[in-house]
Amino acid sequence: MNRTEHLLACLAEECAEVQHAVAKALRFGLDDGYPGAASTNAQDIARELNDVLAIVTMLEDEGILDCPADREAIEQKMARVGEYMGYAIQCGALTPNVK
């Protein structure tokens, strides 16, 4: 395994840890946390997202990835998610105005 492969493996692992933290929040709530832990599920998600950003930064520093924040792409994604949320409300799969 070379450095690039190692960092990509780290990125995959960190993304999986974000997924795991999100699943816990969906099951038990954002304000809940692992029994005996000092952090909430929301804090765990934030920590794991920061870990992803750290690996992305390392990949950028190594010249492996070039992924500066693209505000236009981000806004387009936000618009698509908003459209699908509207559709989910119409289908009855999403309760409107509830966080």
Self-check item: Failed item, numbered, when Leu26 is tested on (1) modelled with pLDDT of 95 or more; (2) surrounded by 11 or more Cβ atoms within 10 Å (Cβ to Cβ)
Solution: (2)
Quiz prompt | Positions within region 1-23 being loosely packed, with under 12 Cβ neighbours inside 10 Å, small (Gly, Ala, Ser) and within 15 Å of Ile55 (Cα to Cα), in sequence order | solution = Ala12, Ala16
Quiz prompt | Residue ID - modelled with the lowest pLDDT, chosen from residues in region 65-99 that are in a loop (DSSP other than H, G, I, E, B) and over 22 Å from Val18 (Cα atoms) | solution = Val98
Exercise. Could you look through region 29-60, keep only residues that are touching a residue at least 12 places away in the same chain (Cβ under 8 Å) and of a type in the set (Asp, Glu), and pick out the one that is surrounded by the most Cβ atoms within 10 Å (Cβ to Cβ)?
Key: Asp44
Self-check item: For Ser39: the one exception among (1) farther than 27 Å from Asp66 by Cα; (2) under 16 Å from the mean Cα position of the chain (by Cα); (3) among the polar types (S, T, N, Q)
Solution: (2)
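The values are calculated or read from the model by the stated rules, or taken from the named source; none is laboratory data. In this text, all values refer to a predicted model and were calculated from it rather than measured experimentally. So basically every Cβ, Gly included, is an ideal-geometry build from the backbone, and we count neighbours across all protein chains shown.
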